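**Student:** Got a structure for you, questions after.
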Amino acid sequence: MSRIGVAVGGNKVQDIQVTIQQAEELGVDAAWMTTGGARLDSLTVFAAAAGSTQKIKFGTSIVPTFPRHPLVVAQQVQVIAQLAPGRLRLGLGPSHRPTMRSMGIRMQSPLGHLRDYLRIVKSLLQEGKVDFDGEHYQAHESIAEPGRAGDGLGPPSRILRAMRSGGRWRNQLGLSRRLPARHGFACDEEGRRRRRTSSAAAHRPRPGVRPRQR
């Protein structure tokens, strides 16, 4: 059986709620919403839409990680998990440098940052407790109702494995790019490879052109 999702968005929460309600009535499986800049926050909108819907799933594509601490995301996810149990599909990612620069955020080591972020969020929401001191984040917290809040996140290490295996970096739910990665510094490795390729191409003699004698 095929599943159909729809992208929602807009400037008014009421309009987005109506769109989600209509999608549910038409049998659409999931409503997906992007968060970015100063636009409406997808997690907050989905919390508002939870009470007027029954079964449609809510997907974030994506929630940028750099502007908010992972514990803040865990707080929001718990609210939706109580209002719409099992219906949230949480997509997290580092976004991209132009957007982060516009906020004055230095986007350093995005993969290492995302690895720490996911470890905190998934441990807290699925296991109920996190004690973690990483390179980019620290978190020592517990919650009352793990498991239910973690529905839709997948097995604890699925995303971490995807980031490191087969040269595939997954920075958004459903979107990925092929990188020659053997560890968590795929972006840096790709950047160096491209610079080496560009440099070699610039110094490669063109067909029919004799090198200048010095």
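The values are calculated or read from the model by the stated rules, or taken from the named source; none is laboratory data. Here the structure is a predicted model, which means the values were calculated and not measured. Backbone-built Cβ (ideal geometry, glycine too); neighbour counts: all protein chains shown.
**Student:** Test P85 against the criterion of being over 19 Å from the mean Cα position of the chain (by Cα), touching a residue at least 40 places away in the same chain (Cβ under 8 Å) and part of a loop (DSSP other than H, G, I, E, B), and give yes or no.
**Tutor:** On the way: over 19 Å from the mean Cα position of the chain (by Cα): yes; touching a residue at least 40 places away in the same chain (Cβ under 8 Å): yes; part of a loop (DSSP other than H, G, I, E, B): yes.
Spelling it out, P85 is indeed over 19 Å from the mean Cα position of the chain (by Cα), touching a residue at least 40 places away in the same chain (Cβ under 8 Å) and part of a loop (DSSP other than H, G, I, E, B).
**Student:** Any chance the stretch 68-81 includes a residue that's surrounded by 14 or more Cβ atoms within 10 Å (Cβ to Cβ), in contact with a Pro (Cβ under 9 Å, 6 or more places away or on another chain), without any contact (Cβ under 8 Å) to a residue 60 or more places away in the chain and not in a helix (DSSP H, G or I)?
**Tutor:** no
**Student:** Mind checking whether some residue in the stretch 123-138 is in a loop (DSSP other than H, G, I, E, B) and among the hydroxyl-bearing types (S, T, Y)? Write out each step before concluding.
**Tutor:** Taking the stretch 123-138 and keeping what is in a loop (DSSP other than H, G, I, E, B), we get 128, 134-137.
If we keep only those that are among the hydroxyl-bearing types (S, T, Y) too, we end up with 137.
Checked against the condition, which is being in a loop (DSSP other than H, G, I, E, B) and among the hydroxyl-bearing types (S, T, Y), the stretch 123-138 yields at least one hit.
**Student:** Turning to a different aspect of this structure: Test K55 against the stated conditions and say whether it is of a type outside the set (A, V, I, L, M) and within 21 Å of Q82 (Cβ to Cβ). Spell out the reasoning first.
**Tutor:** Values: of a type outside the set (A, V, I, L, M): yes; within 21 Å of Q82 (Cβ to Cβ): yes.
Here the answer is yes, as K55 does meet what is asked.
**Student:** Further question on the same structure: Mind counting the residues in the stretch 88-122 that are on the phi < 0 side of the Ramachandran plot, part of a loop (DSSP other than H, G, I, E, B) and not charged (D, E, K, R)?
**Tutor:** 8
**Student:** Looking only at residues in the stretch 82-107 that are surrounded by 12 or more Cβ atoms within 10 Å (Cβ to Cβ) and hydroxyl-bearing (S, T, Y), which one is nearest to K122 (Cα to Cα)? Let's see the steps before the verdict.
**Tutor:** Step one: filter the stretch 82-107 for residues surrounded by 12 or more Cβ atoms within 10 Å (Cβ to Cβ), giving 82-85, 87-97, 99-100, 103, 105, 107.
Now restrict to residues that are hydroxyl-bearing (S, T, Y): 95, 99.
Numbers: S95: 19, T99: 25 Å.
Looking at residues that are surrounded by 12 or more Cβ atoms within 10 Å (Cβ to Cβ) and hydroxyl-bearing (S, T, Y), I get S95.
**Student:** Would you mention how many residues in the stretch 99-117 are in contact (Cβ under 8 Å) with a residue 40 or more places away in the chain, of a type in the set (A, V, I, L, M, F, W, C) and within 14 Å of P64 (Cβ to Cβ)?
**Tutor:** Here the count works out to 2.
Here's the yes/no breakdown for (1) surrounded by 15 or more Cβ atoms within 10 Å (Cβ to Cβ); (2) within 21 Å of F66 (Cα to Cα); (3) of a type in the set (D, E, K, R):
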| position | (1), (2), (3) |
| --- | --- |
| K12 | no, no, yes |
| Q21 | yes, no, no |
| E24 | yes, no, yes |
| G27 | no, no, no |
| A31 | yes, no, no |
| T35 | yes, yes, no |
| L43 | yes, yes, no |
| S52 | no, no, no |
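Let's see how each residue does on (1) in contact with a Lys or Arg (Cβ under 7 Å, 6 or more places away or on another chain); (2) modelled with pLDDT under 95; (3) part of a loop (DSSP other than H, G, I, E, B):
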{"residue": "M1", "(1), (2), (3)": "no, yes, yes"}
{"residue": "G9", "(1), (2), (3)": "no, no, yes"}
{"residue": "Q17", "(1), (2), (3)": "no, no, no"}
{"residue": "Q21", "(1), (2), (3)": "no, no, no"}
{"residue": "W32", "(1), (2), (3)": "no, no, no"}
{"residue": "G36", "(1), (2), (3)": "no, yes, yes"}
{"residue": "T53", "(1), (2), (3)": "no, no, yes"}
{"residue": "F58", "(1), (2), (3)": "yes, no, no"}
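**Student:** In this structure, does H96 turn out to be touching a residue at least 40 places away in the same chain (Cβ under 8 Å) and closer than 21 Å to G37 by Cα? Steps first, answer last, please.
**Tutor:** Values: touching a residue at least 40 places away in the same chain (Cβ under 8 Å): no; closer than 21 Å to G37 by Cα: yes.
It is false that H96 is touching a residue at least 40 places away in the same chain (Cβ under 8 Å) and closer than 21 Å to G37 by Cα.
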